[in-house]
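Worksheet for the structure shown next.
The values are calculated or read from the model by the stated rules, or taken from the named source; none is laboratory data. Predicted model, so just to flag it, every value in this text is computed and none were measured. Don't worry about glycine lacking a Cβ; one is built from the backbone with ideal geometry, like all the others, and counts go over all protein chains shown. When the accessible area is computed, the model is the full protein with side chains, heavy atoms only, and any ligands, DNA or RNA have been set aside. Shrake-Rupley method; radii C 1.70, N 1.55, O 1.52, S 1.80 Å.
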Amino acid sequence: MHALIIEDQSLISIMLEDELHELGFTSFDTAATQEAAIAAAQRRCPDLITADDRLITGSGIEAVRIICADQSIPTVYIVGNPDELEGKLPGATIIGKPFRSDELRQAVQGAAQLAAD
């Protein structure tokens, strides 16, 4: 399984890759900008996206909207202040930073279920 990690903090990207590897993901693309995320998804469609809302340039939220315009891909938003996104992303799976392994696992499972519905 392939994951796209949209995150501009490299330490968090590394942590996410390690955690997702434990959940069975075997390949990864990491993007720190909206443009890089869209390009990565065009090269290889991910089975899962994790996305921060604020990036070096652009928005993880906007990148996901563009990437998922024609397809449903399980997405977990991992953000510094989840309360700011309340009501802005109805039905989205959102967890805060710092995250725990069990939170991420549950969020990935929940996002997969949402995408399947």
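Quick notes on this structure:
- Whole-number Å³ per residue for the convex hull built on Cα positions in the stretch 21-73: 77 Å³
- With q set to 0.13, 0.14, 0.19 Å⁻¹, the log10 of I(q)/I(0) for the chain, from the Debye formula over equal scatterers at the Cα positions, is -0.41, -0.48, -0.96.
- The calculated FRET efficiency for the pair L114 and I14, based on their C-beta separation and a Förster distance of 25 Å, comes to about 0.40.
- 1.4 Å probe accessible area per residue over the chain, in Å²: 54 Å²
- Bridges between two residues of the chain, per DSSP, are antiparallel at a rate of about 5%.
- If you sort the three axes of the alpha carbon gyration tensor as a ≥ b ≥ c, you get a/c of 1.5 or more for the stretch 49-117 and a/b no higher than b/c, which makes it oblate.
- Nearest-20 debye value, the stretch 10-88 charge dipole, Cβ charges on Lys, Arg, Asp, Glu: 300 debye
- Extension gain, L85 back to A69 (0.36 nm per residue minus Cα-Cα distance, nm): 3.8 nm
- As a fraction of the 1.4 Å probe accessible area of the chain, surface on carbon and sulfur atoms comes out at 49 percent.
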